[in-house]
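Heads up: the structure comes next, in structure tokens.
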Amino acid sequence: MATSKKQPLVQFKGIMKQYGKVTAVEKMDFDIEEGSLVTLLGPSGCGKTTLLRMVAGLEDPTEGDIYIKGVRINDTPIHKRNLGMIFQNYALFPHKTIFDNVAFGLKYRNVSKDQIREKVMQALEMVRLPGVENRMPSQLSGGQQQRIAMARAIVIEPDVLLMDEPLSALDENLREEMRREVDNLQQMLGVTTIFVTHDQREALSMSDKILVMKAGRKQQEGDPQTVYNQPVNHFVADFLGHSNFIKGQIVDVNKEHVHVQIETGDLLIADNKNTFNLGDRVELVVRAQRFDLVDEDEITTKQEMNSFAGRIKDRSYMGGEVSYFIELGTGREIHIISMMRTRIYSIGEKVRVQVAPHHCHLLAIES
Ligand SMILES: Nc1ncnc2c1ncn2[C@@H]1O[C@H](COP(=O)(O)OP(=O)(O)O)[C@@H](O)[C@H]1O
Ligand SMILES: [Mg+2]
């Protein structure tokens, strides 16, 4: 017999939360593997915090169950759920020393004074801030305070670490540094982590698995590359990355490819993933970085393939790359981020826009 799949550490089964008439989370099923970092990703108001608060025990589900290590925890009081929590406004106790801040969660457990000291020192070591235990929070920078918040969360050796937009209060550079810090710490400890963010870069760079949410509903779950490269619908394709959407109809299908007549009348060939049939109306998704620009007057037969005509409407030079807005014959604009493999094009210039079949992702048109 095949070995049975390992039981997920956290399981949501038909979980739902309503506030009066507002449904914050629609019936949702979702599993989180032990030791993994999972991100809940979606725009503001899509229900991420609500989902996290239900795990924490700060909200009761209206329907459905939550399991940790196979045990239903709906009715387990907050302090009996062994969870570490870090929130956006890291909220250290301002009048307590760093030591007391980190030790806080241990005081209500059966841990001796010596053990507390040892664990606190270890936690400070792990967030790479040894020696700050006698300082007050106000004597540390924002990034350092956030690390103390991490130390406080991990010192109790939680079953699950819950992080709600913990980096959003930090400035861009620090955020990137802290993103790596969280990622490393999580891997070092192997602690199962649920990380909430509306920042796709954060989600893509850190996660083992991403759960994309919209209006309380799960849109897609998968590893970062799957969610990015094979978005299941327009929302996911639009939310992650710079996507272009071009409408068309399937006019030919063979084993390897489908041929799509796009709105300009041109034919684009896409890889056949066995999802669509002749005559289907589709939306073609192409990332801004995946288009190539070819000089209109230097075109060869090869370059004519999988391409259409356009005119440079706008461009911005960004150092390593150039961002172009290109107007098609139909008046629609597409966005291209060119890594400058060729020259830089001027506004008004006619070009051909080309894309490889495996960079054309097809979606059903949503009604
Ligand atoms: N305590 C509450 N009372 C009423 N509505 C709430 C409450 N908390 C959240 N909501 C609503 O639930 C939805 C989801 O909110 P939230 O989980 O905070 O989203 P996110 O964290 O993704 O921004 C929103 O429409 C929000 O207004
Ligand atoms: Mg939130």
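The values are calculated or read from the model by the stated rules, or taken from the named source; none is laboratory data. The structure displayed is predicted, hence computed values, not measured ones. We place every Cβ from the backbone using ideal geometry, glycine too, and count neighbours over all the protein chains shown.
The residues listed here are Ser44, Ser36; of these, the one that is surrounded by 15 or more Cβ atoms within 10 Å (Cβ to Cβ) and not charged (D, E, K, R) is Ser36. In region 186-201 there is at least one residue that is more than 16 Å from ligand 2 (Cβ to nearest atom) and either among the aromatic types (Phe, Trp, Tyr) or under 13 Å from the mean Cα position of the chain (by Cα) (or both). Could you look through region 32-67, keep only residues that are among the β-branched types (Val, Ile, Thr) and in a helix (DSSP H, G or I), and pick out the one that is farthest from ligand 1 (Cβ to nearest atom)? Of everything passing the filter in region 32-67, Val55 is farthest from ligand 1 (Cβ to nearest atom). The residues of region 173-191 that are surrounded by 15 or more Cβ atoms within 10 Å (Cβ to Cβ) and closer than 17 Å to Ala123 by Cα, listed by number, are Met178, Glu181, Val182, Asp183, Leu185, Gln186, Leu189, Val191. Residues in region 131-156 that are part of a loop (DSSP other than H, G, I, E, B) and either among the basic types (Lys, Arg) or in contact with a Cys (Cβ under 6 Å, 6 or more places away or on another chain) (or both): Arg135 alone. For region 68-86, name all the residues that are without any contact (Cβ under 8 Å) to a residue 24 or more places away in the chain, assigned to a loop (DSSP other than H, G, I, E, B) and exposed (fewer than 14 other Cβ atoms within 10 Å of the Cβ). Scanning region 68-86 gives Asn74, Asp75, Pro77. Being touching a residue at least 12 places away in the same chain (Cβ under 8 Å) and crowded, with 19+ Cβ neighbours inside 10 Å is a property that Leu211 has. Of the candidates Val120, Val111, Val102, the single residue that is assigned to a loop (DSSP other than H, G, I, E, B) and either surrounded by 15 or more Cβ atoms within 10 Å (Cβ to Cβ) or not assigned by TED's automatic domain parsing to the domain that holds Ser205 (or both) is Val111. Please work out which residue is modelled with the lowest pLDDT, limiting yourself to region 134-172 and to residues that are under 17 Å from Leu124 (Cβ atoms) and small (Gly, Ala, Ser). Of everything passing the filter in region 134-172, Gly143 is modelled with the lowest pLDDT.
Got at least one residue in region 62-71 being hydroxyl-bearing (Ser, Thr, Tyr), within 16 Å of ligand 2 (Cβ to nearest atom) and out of contact with any Gly (no Cβ under 7 Å at 6 or more places or on another chain)? There is no residue in region 62-71 that is hydroxyl-bearing (Ser, Thr, Tyr), within 16 Å of ligand 2 (Cβ to nearest atom) and out of contact with any Gly (no Cβ under 7 Å at 6 or more places or on another chain).
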